[in-house]
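These notes are about the structure you will find just below.
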Amino acid sequence: MGSFDKLNSMKKEMAKIYEPSKYEDGIYKKWEESGSFQPEAGQPQADNLDNLKLDKKAESYIISMPPPNVTGTLHMGHGVTLVIEDILIRFNRMRGKRVLWLPGSDHAAIATQTKVEKILKEEGMNRHELGRDKFLKRVEQYAQESHDTIIGQMKKMGSSCDWSREAYTLDEMRTKAVRSVFKMMFDDGLIYRGERIVNWCPRCHSTLADDEVEYKAQKTKVYTFKYSRDFPFAISTTRPETKLGDTGVAVNPKDKRYKKYIGEEYKVDFCGVRLKLKIIADRGVDMKFGTGAVGVTPAHSFIDGQMAEKNNLEIKKVINEEGNIHEDFVGFSGKNILEAREEIVKKLKAQKLLTKEEEIDNNLSLCYRCDTPIEPLPSLQWFIDVNKKIARYKKSLKELSIEAVKKGVFNREKIRIIPERFVKNYFHWMNNLRDWCISRQIWFGHRIPVWYCRGNDMEQCLPDCKKPIVSINTPKECPACGSKDLVQDKDTLDTWFSSGLWTFSTLANSPDQIKIKNKRLIIDSDDFKKFHPTSVLETGYDILFFWVARMIIMTTYAVQDIPFQDVYLHGLIRDALGRKMSKSLGNVINPLDMINKYGTDAVRLSLVIGTTPGNDMNLSEDKIAGYRNFTNKLWNIARYIITNPPATARHERAGYELRTRLPLRGTSGQVTNYEFDQEKLTNADKYILEKMGYLIDEITGDLNDYSFSQAGEKLREFTWAEFADWYLEVSKFEKSKEKSLILFYILENLLKLWHPFMPFVTEKIWEEMGKAKMLIIEKWPLNTSLIKGDRGINNFEIIKNIISAIRIIRAENKIEPAKKIKAVIFAGEQMNLIKSQEILIKSLRTGISELEIKKSGVKPKNAIAISIGGIEIHIIGAVDKEKEKERIVKEIENLEKLIKSAKIKLSNKDFLNKAPGKIVKAEMKKLKERENELEKLKKAGKS
RNA sequence: GGGUCUGUAGCUCAGUUGGUUAGAGCGCUACGUUGACAUCGUAGAGGUCUGCAGUUCAAAUCUGCACAGACCCACCA
């Protein structure tokens, strides 16, 4: 059987409706098994099967996937990230780049520990009862399960990432990187340990970084009272219970009321507790708030702490790590804050010291993980100094990070942030950054790589023994005294410390590739050489500071390079009404449910089209259903084309049967499988081919510019409105020999252009077309000029307009669909064109049974006349005279209005003088055309 | 208190450097199985682009102010 016969015997069957769930998993498996996700694998540079190797000089393109937390399941936010990154990855893969999308997950210390603690609580246990080791086992087990779920879900989204390189923030390589960078920073004096007021979460039993604290507006009471009868004036506070730790009272230096007291010291008995209070002056005190005097509680307020430092006040801790009153305070010891507050207020009332009690608006600080109120309290913690100059850079971490975005560092272009407005936010945040508290008192995470020597007896140790031992590997003995009695710091590191290293730590394939050389962290791997810095970092704008900024800090410091060249920030997903999705509101749209119902491709489109970078987007099930309809439309376009298989020898050459032939050369010299017989091309053919060319250019440009939504909309418009609604319809009536070849050509290109957006349905259709190679590694199309000589866009546009005009007339005059009508066209200069397109004008839902085309003539009686661009169309029969008159009057009115405004514009000397000639000319041309139309209409109206 | 963003059709949003009669999807109305698709087709209604002022020959687009909403940062004792 010859290949030609084979082709004809291949009468394809395709389901009437595309059912995503039938194909998606299978397609993903095929991609994965083919190795196409790996940068080493087959790349689209190849034009035939013998040449599937990657071009060695290919440009690298890499995205480090923001690692999802191993705390549960995938939500729509992850969905957007995965879709946008997959679009970029697939697009660049098809363009022949060496592409790596590196996936991973984040141990998310506090978040994960909190989840497991909740589970334990349900079992009636807590982590302390379980003990550190057993607890950690429990967390790891949970993390593993959660990880597996999430990975499965990521695959469901169609993510074409290289699973062979999957990383985890807590695995061996990443741990080595964390410890190395810690050591470098410690040796540079950037990491220090100090007693400072920190944000303390009494539930997590841990510190939090400044940006891990959330604020909630609330009403609270302000109490105004005297500490005791012998204290001269009253103070105001919202937290009477902390006043037990007051060691001073601050007033504004300008405040005449209190000037005389400044510098005085008072010993008072405050609710049974002896307080020593020094009156200090501080410009920060608001004279108008309360009494204008404020009790200074150095241990439990950041500002008071600063005042205390300046004025040498004693620091007295009132609240302990449990969030209860410290045991030193007889009568209050062990009580929780609210109890203590009530009690103190009661006592003050009894002593008639309380003079005022009023409600004000106030912000309550909360833990971002568990919503427990934060207590500022002094604690011994590890910090990163962001202001200290680093000798080899002559800059601080802060300055280095600002410069990377402002003008670029280490000979790199400045980091580009999209949308640009976030650059301002970034600078603002960086400029105000305080030292970063990196120690956490939780168990799950990177243990701080610091050991202390206990010796046999501290007193006998050398002075150096008291220094912390910072080491990448667990030290065997104290370097100072040789004692083997070492103990590791109990704390763990802030989870963002490890994720801050993500772009480079993930490029190490084994721990021994991570080295420190000349005060620089070296990742000695091929991957690092090829893939760092990464091309783009794509994530939600809500973690610009948490993560993006920290990657810039850590990477510039450690590896002396930027982590990424571009930052693309997407918005948050909200529900159809613009509300945040939350469990309590019950408005969460689960990506997996939607995938099961509508297919991955529909979900992907809904997350990308109709969105703007950095702006929040509203998502509704209706929207997803709409894109499901679109995937089905595409499927049916393909179904129509494929199940009417081409039957010429040239289709065979175009790759539909034999795949061993060399590709043909297109007219522009670009490699293409297609070549058309120019003589045979109709107006519609030229139109669609030319538009396809423009489309390719535009989509390529849009994807390069991160304009995903625009690209998607253009593609949708072309696919549905141009290709399906017009060209496909034309193809049913216009029997040119080139037709089916062109249909395949357009379909093929559309599938390629759509593939990054909807990988599954396009790959499935590709398979239905009988292609040998998978679409995922096909070559991105080029705008090759397949048409010689005159272009078709304008000509076919005229035909489209004529057909539309006739349809409008039919609808307006309520001509029954089944009723055939007669039309006469006075074509003027377009005589030849219109004559050649007679069949289309008669066939495309115009219901014309008789069509007469003349150069010009006398208007037929009882006809409706319309005129488009100098062509007159007369519809005969079924004329509703009233309707027709109405239409003409309306049209004349409209035209007169337009003509009037154009005339005004053109009589304006300033317009003529100052507007560019092009605009003026266009305006004049428009006026002339409209005047012609008007004249014709008026003539028609008379008869 | 400091800052950012948004306000365009009933709803969700596009609208690139100012320049055709301001667009799309959904929804709505009327009609409709012509060789893929009713998850479809044809046609239609619907907007003084939040308001005011300014710059300009020309403003949805640039500037200022006002109003409404969202968010970020700092945080008040």
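The value given for segment A:800-943 is a Kirkwood hydrodynamic radius of 16.5 Å, derived from the mean inverse Cα-Cα separation. Take A:375-386, A:901-912 and order them by the average number of nearby Cβ atoms within 10 Å per residue, most first; the result is A:375-386, A:901-912.
For the residue pairs A:K814/A:K928; A:K680/A:K842; A:K316/A:K490; A:K822/A:K939; A:K855/A:K938; A:K176/A:K388, the alpha carbons lie more than 30 Å apart in A:K814/A:K928. Computed per residue of chain A from DSSP H runs no shorter than four, each worth -39500 (n - 2.57), the mean residue ellipticity at 222 nm is -12000 deg cm²/dmol. Note: relative contact order over chain A, using C-alpha pairs below 8 Å and six or more positions apart, is 13 percent. Between the residues A:S843, A:T555, A:Y18, the greatest Cα displacement towards the positive end of the dipole of chain A, with unit charges on the Cβ of Lys, Arg, Asp and Glu, is found for A:S843. Note on segment A:481-570: the C-alpha convex hull projects to 8.0 nm² when averaged across all orientations.
Determine, for segment A:236-295, the count of lysine pairs separated by eight or more sequence positions (or lying on different chains) whose alpha-carbon distance falls under 22 Å. Lysine pairs, 8 or more places apart or on different chains, close enough: 18. In a simple Cβ point-charge model (Lys, Arg +1; Asp, Glu -1; nothing else charged), segment A:546-603 has a dipole of about 360 debye relative to its Cα centre.
Per-residue Cβ neighbour counts within 10 Å put A:T71, A:T506, A:T237 in the sequence A:T237, A:T71, A:T506, beginning with the fewest.
Electrostatic bookkeeping for A:I262 treats Lys and Arg as +1 and Asp and Glu as -1; over the other residues with beta carbon under 14 Å from its beta carbon, the sum is +4. As a proxy for reagent exposure, A:W726, A:W720, A:W101 were ordered by neighbouring Cβ count within 10 angstrom, fewest first; the result is A:W720, A:W726, A:W101.
Each Lys or Arg adds one and each Asp or Glu subtracts one; over the other residues with Cβ under 15 Å from the Cβ of A:Y28, this totals -1.
A simple spin-label model places the labels of A:K356 and A:E321 4.0 nm from each other, with each point 7 Å out along Cα-to-Cβ. Ranked for footprinting exposure by Cβ neighbours inside 10 Å, fewest first, A:W754, A:W766, A:W451 give A:W451, A:W766, A:W754. Around the Cα centre of chain A, unit charges on the Cβ atoms of Lys, Arg, Asp and Glu (plus for the first two, minus for the last two) sum to a dipole of about 2800 debye. With the convex hull drawn around the C-alpha atoms of chain A, the volume per residue stands at 259 Å³.
Orientation-averaged projection of segment A:772-821 equals 7.7 nm² [convex hull of Cα atoms, one quarter of hull surface area].
Values in this text are rule-based calculations from the coordinates and carry no lab data. Bear in mind the structure is a predicted one, so any value in this text is a computation, not a measurement. With ideal geometry, Cβ positions are generated from the backbone for all residues, glycine too; neighbour counts draw on all protein chains shown.
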